[in-house]
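What follows is a single structure, written as structure tokens, with notes after it.
No lab work stands behind these numbers, since they all come straight from the coordinates. From a predicted model like this one, the values you see are computed outputs, not experimental measurements. Because the Cβ atoms are built from the backbone with ideal geometry, glycine has one as well, and the counts that use them run over all protein chains shown.
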Amino acid sequence: MKGDTKQEGWSDATSLETVLGPKPVLEALRTGPERLDTVFLQEGKGGRAGELLALCRERGVRYKLLPRERMDRLFPGNHQGVAARRSAVVLLD
């Protein structure tokens with residue numbers, strides 16, 4: 001079924017908070033990477049994309065590169081090519 005996020009393998013949106021834009025996502029990576037589920041980056045996007053990718057790798061945060069059309073469909077609004085899903089529940093060791 002088109003648009004069904006569970007079918008596409010995405011987590012249930014009710015348990016996740018979305019962060020849009022490069023600055024808020026960068027701040028989340030710096031201050032609370034353990035709270036991030038996945039960072040989404042638009043393919044071919046310049047700017048802070050390299051810094052965000054490096055930080056994701058360094059902090060062990062999962063990331064996905066997506067075409068612009070998919071970013072626009074998943075994250076309507078002004079995402080500027082960067083979005084993140086932050087888990088509402090943080091699991092502690």
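Under 5 Å from the amide H of R86 lie the amide H atoms of E17, T18, V19, D37, each residue being 5 or more positions distant or on a separate chain, with H modelled from the backbone and absent for Pro and chain starts. As a calculated quantity, the FRET efficiency between R73 and E27 at R0 = 35 Å, using C-beta atoms, amounts to about 0.90. Please work out the FRET efficiency for the pair E43 and T18, using the Cβ-Cβ distance as r and a Förster radius of 25 Å; give the result to the nearest 0.05. For R0 = 25 Å, the calculated efficiency reads 0.85. Computed from phi, the 3J(HN,Hα) profile of the stretch 21-33 under the Karplus parametrisation 6.51, -1.76, 1.60 (θ = phi - 60°) reads x, x, 5, x, 5, 4, 4, 5, 5, 6, 9, x, x Hz, with x in place of Gly and Pro.
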